[in-house]
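First up is the structure itself, then whatever we jot down about it.
Bear in mind that the values in this text are calculations on the coordinates, not laboratory data. Please read all numbers here as calculations on a predicted model, not as lab measurements. We place every Cβ from the backbone using ideal geometry, glycine too, and count neighbours over all the protein chains shown.
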Amino acid sequence: DWNAEHIIDELIEGVRQQVGEGRVLLAISGGVDSSTLGLLLSRAIGDRLTAVFIDHGLLRLGEREQVEAALLPLGVNLVTVDARAEFLGALEGVSDPEQKRKIIGREFIRAFEREARKYGPFDFLAQGTLYPDVIESAGGEGAANIKSHHNVGGLPEDLAFKLVEPFRTLFKDEVREIARLLGLPDHIRMRHPFPGPGLAIRCLGAISEEKLDILKRVDDIFISGLREFGLYDGCSQALAVLTPIQSVGVMGDERTYSYTTALRAVATDDFMTAEWARLPYDFLATMSNRIVNQVHEINRVVYDITGKPPATIEWE
Ligand code: XMP
């Protein structure tokens with residue numbers, strides 16, 4: 001019988017024993033695992049935890065504020081780093097998806113290292129590794145590694161911390177339950193997965209601040225709409241893509257020549273295969289109307305009806 005309160009006490013005890021008087025560094029992504037780990041570590045060791053949240057400019061609308069609003073009032077020693085200019089500068093003119101991932105991974109480590117030196121020294125690096133991650137990496141190069149998923153790794157020698165991974169034996173559902181008891185707001189606790197490279201891989205081709213801004217507004221309308229219509233929890237992941245396609249439209253008496261956005265929602269157990277979500281037509285119609293009315297840079301909305309395989313969930 002799995003008792004979350006009891007598990008929390010055990011995890012806290014385990015962290016205290018491992019860490020002693022040491023100091024711990026944690027990268028917060030804004031997802032459920034790292035946010036929950038931030039709350040747990042904060043309970044266990046207080047301000048000997050430094051949680052670093054890097055705003056790479058590829059986050060969703062209001063995401064940085066949501067993460068701060070969730071963690072700061074609960075006492076997490078959170079440092080937010082505005083690294084938008086560095087990331088966007090490094091990505092300028094880059095259109096190849098794997099190249100984008102490499103650059104973002106590299107910039108992430110660079111920014112994280114800098115913060116580690118600024119607030120350090122640290123004895124430990126905490127990671128929200130879950131049981132399935134442990135199994136997967138033990139299995140070597142699986143299909144999940146076809147795209148170079150980035151997590152914190154590859155830090156230089158002098159920052160070679162010991163790892164603190166209290167969730168190594170847990171499944172996602174268990175972390176969500178722990179998160180509930182620790183007071184993490186539901187919108188983060190029950191959030192769909194979001195890739196490390198963020199909106200960069202949903203803004204097809206070379207990205208720009210202008211394109212990211214369009215995509216953020218479209219994504220926000222779609223995701224808020226799914227929540228409003230009670231459809232969010234029924235999808236495993238949902239996203240909007242900004243395509244480079246511009247097409248002709250009409251608005252009042254004017255011809256327009258604007259961007260096409262693609263909406264995608266999937267149902268899956270393991271993200272290795274997925275079915276496109278059969279969202280109600282009325283909902284899709286409402287989303288389409290809202291998007292073209294509120295985002296003037298968009299004049300065409302399409303819905304992705306491709307499964308994985310052959311398509312991937314992301315478009316890049
Ligand atoms: P695909 O597009 O490969 O995505 O079907 C499967 C799952 O992995 C996520 N994904 C990523 N996550 N870094 C990440 O942290 C990445 O580069 C990356 N690429 C895809 C994707 O959002 C989906 O949940």
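A few remarks follow.
- Using a cutoff of 8 angstrom between alpha carbon atoms and counting only pairs six or more residues apart, the relative contact order for region 4-189 works out to 30 percent.
- Cα convex hull, region 4-189: 124 Å³ per residue, rounded to a whole number.
- Comparing mean-square fluctuations of ASP82, ASP96, ASP253 from a GNM of the chain with C-alpha springs under 10 Å, the top value falls on ASP253.
- For ALA274, the residues whose modelled amide H falls within less than 5 Å of its own, excluding neighbours fewer than 5 places apart on the same chain, are LYS308.
- Degrees between helix 32-45 axis and first principal axis of the chain (Cα, 0 to 90, nearest 10): 30
- Applying a threshold of 27 Å to the alpha-carbon distances of LYS118/LYS162; LYS100/LYS211; LYS118/LYS211; LYS100/LYS162 flags LYS118/LYS211; LYS100/LYS162 as lying beyond it.
- Dipole magnitude of the chain about its Cα centre (Cβ charges: Lys, Arg +1; Asp, Glu -1), debye to nearest 20: 440
- Taking the Cα centre of region 4-189 as reference, the dipole from Cβ charges on Lys and Arg (+1) and Asp and Glu (-1) amounts to some 300 debye.
- Using the alpha carbons alone, the radius of gyration of the chain stands to its Kirkwood radius in an Rg to Rh ratio of 0.98.
- Prolate/oblate/rounded label for region 202-303 (Cα gyration tensor, a/c 1.5): prolate
- Per residue, the average separation of C-alpha pairs within less than 8 Å and at least 6 apart gives the chain a relative contact order of 17 percent.
- ³J(HN,Hα) computed for each position of region 243-248 - Karplus, 6.51 cos²θ - 1.76 cosθ + 1.60, integer Hz, glycine/proline x: 8, x, 6, 10, 9, 7
- Phi angles of region 272-288 translate, via the Karplus equation with coefficients 6.51, -1.76, 1.60 and θ = phi - 60°, into HN-Hα couplings of 7, 10, 7, 10, 5, 6, 7, 5, x, 4, 4, 5, 4, 4, 4, 4, 4 Hz per residue; Gly and Pro are given as x.
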